[in-house]
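Visitor: First, the structure itself, so that you have it in front of you.
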Amino acid sequence: YIHIHIYARKSWGKVAKMYAITRSLIRSPALRQGIQRMQVAAPARQVSLKVVPAAEAIQTETFDEKNQRLGRELSPHLTIYKPQLTSMLSITHRGTGFALTGYAWALGLGALMSSHDISHYVTIIEGLHLGPATLVALKFVLAFPLAFHSCCGVRHLLWDTGRFLKITEVYLTGYVTLGISFVLSTILACL
């Protein structure tokens, strides 16, 4: 409280000086004449309004129907763009986010509604007698969204610090993200 009060006293002198300077400028005859000249030089504009009746027919056509009738594409339409690493990584990042959300919902609701514990489901999977390659492939499919989304998240955090923002660095970090994602997914699948 004391420091704030002292600061207010110190800054009050600056405020008073600024007020005095502004007041003297406003009262100066030269400034008044300049303002009067500006007012005289500014032409007056006349505005006229015309009352127009509303359209008789209410538009029954929707936005999409109008665009289809006129032959317009849905904008922005992804088919007009050449696939690039950056756009594909962005779309994949969103897709893996949706997949992870689906995993969380499915596992959470399954745990709440199931009358069995996890060992029951492990026994069912073992009863399918799947080969090792099939199991690794299935685990890879389950692990990739987590690995890729995590690596992309780290990439975005690096961008937030102002690093790797040149176009060559963006592509380099994209390839590194893909490489690390595949390595992590493979490690997780082989566990």
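Read-outs throughout are calculated quantities, based only on the coordinates presented, and are distinct from any laboratory measurement. Everything numeric here is computed off the predicted structure, so don't read it as measured data. Here Cβ is always computed from backbone atoms with ideal geometry, including for glycine, and neighbour counts include all displayed protein chains.
Visitor: With a point put 7 Å past each Cα toward its Cβ, work out how far residue 79 is from residue 154 in nm, to one decimal.
Guide: Going from the residue 79 label point to the residue 154 one covers 3.9 nm.
Visitor: Round to the nearest 0.05 the FRET efficiency obtained for residue 104 and residue 126 when R0 = 25 Å and r is the Cβ-Cβ distance.
Guide: 0.50
Visitor: Further question on the same structure: Quick check: pseudo-label points 7 Å beyond the Cα along Cα→Cβ at residue 191 and residue 18, how many nm apart are they?
Guide: 5.9
Visitor: Can you quote the Å³ per residue value for the convex hull of the Cα atoms in segment 78-190, rounded to an integer?
Guide: Numbers: hull volume 16.6 nm³, N = 113.
Enclosed volume per residue, from the Cα hull, is 147 Å³.
Visitor: Mark the label point 7 Å from the Cα of residue 135 along Cα→Cβ and return the residues of segment 155-191 whose backbone N is within less than 11 Å of it.
Guide: 190-191
Visitor: Give me the extension gain from residue 50 to residue 163: residue separation times 0.36 nm, minus the current Cα-Cα distance, reported in nm with one decimal.
Guide: Working: separation 113, 0.36 × 113 = 40.68 nm, distance 5.75 nm.
Extra length from residue 50 to residue 163 when fully extended: 34.9 nm.
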